[in-house]
Amino acid sequence: MSAIISSINYCPVKSVSFQTIEKCKIKKDVGIIGDRIFAFAKDLEADKALLFEKSPEERKGKWNKVLTLKNSPVLNKYNFLFKENKLSLTFKDKEILTINASELRERQLLSNKIIELENSLKEPIVLMTNEESPFFDTSISNKVDFINSVSLINVQSINDFQKKIDKKVEISRFRGNICIDGIKPWKEREWIGKTIKINNISFKVEKNIPRCVAINLKPTTDDNSLNLLQSLKKNYNHFEMGIYLTALDDGEINLGDKVEIII
């Protein structure tokens, strides 16, 4: 059995967006180019948001200072599309607002629109951007010793989970960058500490991905009636799904590429 990439995904805006693509560029020590390069700061004045935006060290442990699906599940109804430096907010595939992502004034217009749409969200909200140090969970977590990451999900692990709980579990709940198929459920957990190679790009397998209540949200809704976090613990005695990778080379990966275990 060999692992094959079954889908590639990225989120231009942390937590709120999800785009499926057929190929992507990888940058050494960063990850998928364009992934999570935007995030919304909350409860931070402009000067503090600027520090948060520029420095991963300023982000460590400050989960309450960035909009996530854990603290703002209403945002799961929306999506963001990013193309040619234009960032579009959509709802049910209909465009609400498109901005030039390079313009600070236009980014603020988008922040204002989010507050207008969802009055449960309070000012100030600031749309931040950083391409060199994107807003990955690992850039905020103070429980890992790496900043940038790529997430990999084994489709068969999710299928096994579905069977255990007898409920449909959408893969997109876990927002994996690289989804693979063709290997046994949970086999990826044996790769921790090893190096894998995809299309001549090496990745270090760092650790299993701990999950939060955001996986309870049904895609494109604010329905969180299915407690998948609790079900993971009950069935497997852990809260994990997927593995974190760090990119050791530049290059490109494609749908259908093989995943090789090197070390």
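The values are calculated or read from the model by the stated rules, or taken from the named source; none is laboratory data. All figures in this text were calculated on a predicted structure; none of them were measured in a lab. Cβ placement follows ideal geometry from the backbone for every residue including glycine, while neighbour counts extend to all protein chains displayed. These accessible areas exclude ligands, DNA and RNA; they are computed on the full protein's heavy atoms, side chains included. Shrake-Rupley method; radii C 1.70, N 1.55, O 1.52, S 1.80 Å.
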Next item on the list: Could you list, in their original order, any pairs among Lys14/Lys65; Lys167/Lys233; Lys54/Lys77; Lys14/Lys163; Lys194/Lys234 whose Cα atoms are separated by more than 18 Å?
Entry: Lys54/Lys77; Lys14/Lys163; Lys194/Lys234
Checklist line | Calculated from backbone phi, Karplus (6.51, -1.76, 1.60) coupling profile of the range 19-32 in Hz, x at Gly/Pro | finding: 10, 9, 9, 8, 7, 7, 8, 10, 10, 3, 6, 10, x, 6
Next item on the list: Note down the magnitude of the dipole of the range 220-262 about its Cα centre, charges +1 on Lys and Arg C-beta and -1 on Asp and Glu C-beta and zero elsewhere, to the nearest 20 debye.
Entry: 440 debye
Check: Summing +1 for each Lys or Arg and -1 for each Asp or Glu, what net charge is found among the other residues whose Cβ lies under 14 Å from the Cβ of Lys122?
Finding: -3
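Per the 1.4 Å probe, what fraction of the accessible area of the chain, in percent, lies on carbon and sulfur atoms?
Working: 6130 of 12810 Å².
Roughly 48 percent, rounded to a whole number.
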Checklist line | Top of Val126, Val169, Val16 by mean-square fluctuation, Gaussian network on the chain, Cα under 10 Å | finding: Val169
Note to self: Using DSSP to call loops (not H, G, I, E or B), can you name the GluC sites (Glu not before Pro) in the range 1-59 whose Cβ has at most 14 other Cβ atoms within 10 angstrom?
What the structure shows: Glu22, Glu45
Next item on the list: Only Lys, Arg, Asp and Glu count, each charged at its Cβ (+1, +1, -1, -1), so figure out the dipole size of the range 1-131 about its Cα centre, rounded to 20 debye.
Entry: 300 debye
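What FRET efficiency do you get for Arg189 and Lys77 if R0 is 25 Å and r is their Cβ-Cβ distance, rounded to the nearest 0.05?
Details: r = 33 Å, r/R0 = 1.31.
About 0.15, to the nearest 0.05.
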Next item on the list: Quick one: net charge around Lys167, please, counting Lys, Arg +1 and Asp, Glu -1 for every other residue with C-beta under 12 Å from its C-beta.
Entry: +3
Notebook entry, point to check: By DSSP, what percent of the beta bridges with both residues in the range 1-100 are antiparallel, rounded to the nearest 5?
Noted result: 95 percent
Notebook entry, point to check: Counting only heavy atoms of protein chains, what accessible area per residue, in Å², does the chain have with a probe of 1.4 Å?
Noted result: 49 Å²
Checklist line | Karplus-derived HN-Hα couplings along the range 86-93 (A = 6.51, B = -1.76, C = 1.60, θ = phi - 60°), whole Hz, x at Gly and Pro | finding: 9, 10, 10, 8, 10, 9, 6, 6
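Just to confirm a number: summing +1 for Lys and Arg and -1 for Asp and Glu over residues other than Leu248 whose beta-carbon lies under 13 angstrom from that of Leu248, what do you get? Intermediate results must be reported in sequence, preceding the final value.
Working: positive: Lys27, Lys28, Lys194, Lys197, Lys204; negative: Asp29, Glu206, Asp249, Asp250.
Here the count lands on +1.
Using the Kyte-Doolittle scale, find the helices of the chain whose mean hydropathy is at least -0.5 and whose Cα atoms extend 18 Å or more along the helix's long axis, counting only whole DSSP H runs.
104-117
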Notebook entry, point to check: Per-residue HN-Hα couplings for the range 168-178, Karplus 6.51 cos²θ - 1.76 cosθ + 1.60 at θ = phi - 60°, whole Hz, x for Gly and Pro?
Noted result: 6, 10, 5, 4, 5, 4, 9, 6, x, 5, 10
Next item on the list: Distance between Cα centroids, the range 155-183 to the range 213-258: provide it in whole Å.
Entry: 8 Å
